[in-house]
Amino acid sequence: MTAEHIGTTEHIGTGEQVGAAEGAAGTAGAGKGEAVPDVGLRAGRVSRTADGRVILDGVSISPAPGSTVGLLGPNGSGKSTLLRLLSGVLTPASGVVTLDGSPLGELGRRDIARRIAVVEQQADTQVELSVLDVVRLGRTPHRRAWTPPSQADEEAVRDALTRTGLTDRAQQSWHTLSGGERQRVQIARALAQEPRELLLDEPTNHLDIQHQLDLLNLVTSLPVTSVVALHDLNLAAMYCDRLVVLREGRVVATGTPADVLTEELIAEVYGVRTAVTRDSEGPDGRPHVRFLGTVSRSEPRESAHTCPE
Amino acid sequence: MTRRTARPRVGLLCAAGTALLVASVAVAITIGPADIRVADVWSVVASHLGWGSAELSPIRDGIVWQLRLPRTLLAAVCGAGLAVCGAVMQSLLRNPLADPFVLGVSSGASTGAVVVVVLGAGGGLVSVSAGAFLGALLSFGLVLLLSHTLGGTTDRVVLSGVAAMQLFSALTSFVVMTAADAETTRGVLFWLLGSLGGVGWTDVWVCLAVLVVALAVCLAYARTLDAFAFGQDAAATLGVSVARTRLVLLCVTALLTAALVSSAGAIGFVGLVLPHAARALVGSGHARLLPVAALAGAVFLVWVDTLARTVLDPQEVPVGVVTSLIGVPVFVLVLYRTRRTR
């Protein structure tokens with residue numbers, strides 16, 4: 001996978017769009033003539049504006065098949081927008097999102113939905129549905145009007161329930177589930193789509209710590225490529241193979257958690273002071289982030305009493 | 001799984017519903033000032049379909065074939081159509097209070113129809129229906145635009161509907177007061193309240209044809225409507241082309257509403273109440289919900305219309321008045337329950 005993330009650490013400093021350094025991904029939409037095999041889901045220098053404000057500015061990502069990529073960045077850095085571009089719900093103002101080399105815009109919604117499944121931050125409905133009903137929704141892109149569910153449909157639903165440990169709760173009403181259980185059902189629904197790419201937008205929000213770990217364990221054990229927006233840096237360090245850090249709509253760092261999660265980068269992007277330790281030396285050493293306080297910026301007095309100097 | 005046992009139950013329910021509907025129509029026809037028995041209804045129908053000779057007097061034959069039968073059948077068609085419109089709108093807008101009447105679509109259709117009738121752009125049923133269709137589309141579009149600009153939450157959609165209803169009611173009154181003579185005014189006002197009096201076979205055939213087409217289209221979109229349960233973005237990621245679905249179903253429900261309003265006026269709350277009743281029976285899967293809602297709506301309106309034309313006999317209460325008397329408490333109940341689940 002030569003087109004995978006080039007370079008190990010591309011740290012900020014200049015504020016230039018480092019994402020563009022991933023040149024192969026940036027021109028991925030160009031076509032089949034390239035030497036690089038164009039497999040999986042990629043964003044090539046995508047931009048998006050809303051109400052004249054730039055939300056995303058030339059972002060490229062190209063997750064390796066089967067890997068888990070974490071999207072980090074403060075609120076408003078463009079994580080959700082990037083995920084919505086990757087799922088094809090939004091179209092980029094410039095740049096292109098490709099699936100196996102074909103721009104999403106040229107694929108039908110059904111074809112996209114058979115490859116890419118999305119789990120939102122928090123899904124809710126007023127419709128009275130059972131767990132089984134929700135998981136069955138995942139078969140929507142595979143089914144035709146007027147036809148009963150096929151053998152393959154039933155198997156995919158059964159599989160998804162088994163994998164998420166929900167088989168016994170198939171008949172339970174959605175409205176009686178806790179937040180963690182609802183997210184689990186949404187993941188089962190996504191699995192029933194039989195996707196190869198899974199996009200998750202802060203799926204652990206609103207969950208207690210046990211359910212956060214359960215959910216990310218589940219996601220990383222799945223045989224799919226996952227792109228997951230996360231707030232918690234330590235969860236990102238524990239579960240992601242690669243991280244992409246966004247700030248103000250630009251990629252400011254990509255690489256393994258050990259490469260990306262440094263005290264300098266966290267201070268620069270999040271404006272907080274941290275102590276980062278490793279659980280072991282070497283490239284596999286997962287970093288652990290301990291928060292010390294906010295970085296003093298224009299209000300030194302404010303930080304004076306939040307930081308134990 | 002257990003759903004397998006649920007499926008034949010729906011088939012059974014539809015069969016039972018159809019039988020109930022046929023029986024309701026037959027019995028409803030016998031109720032009224034002229035003494036007619038169920039057996040008479042059958043023999044009149046049979047003779048007109050060429051299966052036997054009529055043994056009844058021409059007057060009784062006329063009462064059944066020219067007055068009560070088309071009226072009762074139209075009640076069934078209207079009930080079914082309004083219930084289907086309501087079920088589809090509720091799912092499409094993710095709003096348990098959506099219904100052609102609440103959203104002002106019926107008012108828009110009324111305005112369109114009144115403009116055609118009063119301003120005399122041809123009084124035929126087709127041109128009245130065309131006017132009603134334009135009015136319905138216009139008001140539906142206005143409601144969607146308004147609620148979208150206001151933020152799209154449940155209460156905003158309903159408030160936009162109220163605004164549209166007021167606007168189009170005012171327009172209708174304006175047109176009627178300025179341009180119609182006294183007699184037309186009386187007729188129009190009665191029809192505006194929703195009335196099945198004085199309908200003929202043409203009304204039945206036009207509405208039935210539109211209903212069959214609309215129901216077929218909605219059933220083809222049944223699974224797509226299911227996918228809207230978690231919102232339109234979720235539907236999009238399930239492979240639904242949201243814009244096309246909205247456009248198609250918006251046009252179909254507007255067309256159906258327009259056809260029904262042209263013949264029977266704006267009958268309120270049937271589209272609100274019956275889908276909820278049908279959901280309680282068969283759940284929210286649209287492949288099952290839509291036919292059951294249609295049958296329930298048909299049976300419901302047949303009996304409500306029978307009530308409306310007999311309760312103050314010989315005077316007739318507009319059927320829309322009766323459905324509103326039943327519908328408003330249900331509307332409040334649904335509103336209360338959605339507030340609580342928030």
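The values are calculated or read from the model by the stated rules, or taken from the named source; none is laboratory data. Computed from a predicted model, the values in this text were never measured in an experiment. Positions of Cβ are backbone-derived with ideal geometry, glycine not excepted, and every protein chain shown enters the neighbour counts.
Search the stretch A:173-188 for residues being within 12 Å of chain B (Cβ to nearest Cβ) and more than 20 Å from A:Val219 (Cα to Cα), and hand back the single one that is surrounded by the most Cβ atoms within 10 Å (Cβ to Cβ). Residue satisfying both the conditions and the ranking: A:Trp174. Just checking, does the stretch A:183-191 include any residue being farther than 22 Å from A:Ser80 by Cβ and without any contact (Cβ under 8 Å) to a residue 40 or more places away in the chain? Checked the stretch A:183-191: no residue is farther than 22 Å from A:Ser80 by Cβ and without any contact (Cβ under 8 Å) to a residue 40 or more places away in the chain.
Within 10 Å of chain A (Cβ to nearest Cβ) and either among the aliphatic types (A, V, I, L, M) or surrounded by fewer than 22 Cβ atoms within 10 Å (Cβ to Cβ) (or both), is that true of B:Ala298? So B:Ala298 does not fit the description; no. Residues of the stretch A:152-172 that are more than 20 Å from B:Arg288 (Cβ to Cβ) and within 11 Å of another protein chain (Cβ to nearest Cβ): A:Arg158, A:Leu161, A:Thr167. A count restricted to the stretch A:84-120 and to residues that are over 20 Å from A:Leu71 (Cα atoms) and of a type in the set (Ser, Thr, Tyr) stands at 2.
Exactly one residue out of A:Val54, A:Val89, A:Val96, A:Val59 is in contact with a Pro (Cβ under 6 Å, 6 or more places away or on another chain), at pLDDT 90 or above and of a type outside the set (Gly, Ala, Ser), and it is A:Val96. On the stretch given as the stretch A:52-75, residues that are on the phi > 0 side of the Ramachandran plot and free of Cβ contacts under 8 Å to residues at least 60 places away in the same chain total 1. The helices (runs of 4 or more DSSP H) falling completely within the stretch B:156-251 that include 2 or more residues that are within 14 Å of another protein chain (Cβ to nearest Cβ) and surrounded by 17 or more Cβ atoms within 10 Å (Cβ to Cβ) map to B:201-220, B:222-226, B:232-237.
Taking the condition in a strand (DSSP E or B), away from every other protein chain (no Cβ under 14 Å) and under 14 Å from A:Thr49 (Cβ atoms), does A:Gly95 pass? It is true that A:Gly95 is in a strand (DSSP E or B), away from every other protein chain (no Cβ under 14 Å) and under 14 Å from A:Thr49 (Cβ atoms). B:Val240 meets the stated requirement of being under 20 Å from A:Thr147 (Cα atoms) and among the β-branched types (Val, Ile, Thr).
Does the stretch A:135-151 contain at least one residue that is away from chain B (no Cβ under 12 Å), buried (at least 17 other Cβ atoms within 10 Å of the Cβ) and part of a helix (DSSP H, G or I)? No, every residue in the stretch A:135-151 fails to be away from chain B (no Cβ under 12 Å), buried (at least 17 other Cβ atoms within 10 Å of the Cβ) and part of a helix (DSSP H, G or I).
Among residues of the stretch B:83-103 being in contact with a Ser or Thr (Cβ under 6 Å, 6 or more places away or on another chain) and at pLDDT below 90, the one that is surrounded by the most Cβ atoms within 10 Å (Cβ to Cβ) is B:Asn95. Just one of the listed residues (A:Ser77, A:Ser47) is assigned to a loop (DSSP other than H, G, I, E, B) and in contact with a Leu (Cβ under 8 Å, 6 or more places away or on another chain), namely A:Ser77. With respect to the conditions (1) of a type in the set (A, V, I, L, M); (2) within 12 Å of chain A (Cβ to nearest Cβ); (3) more than 30 Å from A:Arg114 (Cα to Cα), B:Ala293 falls short on a single one, namely (2).
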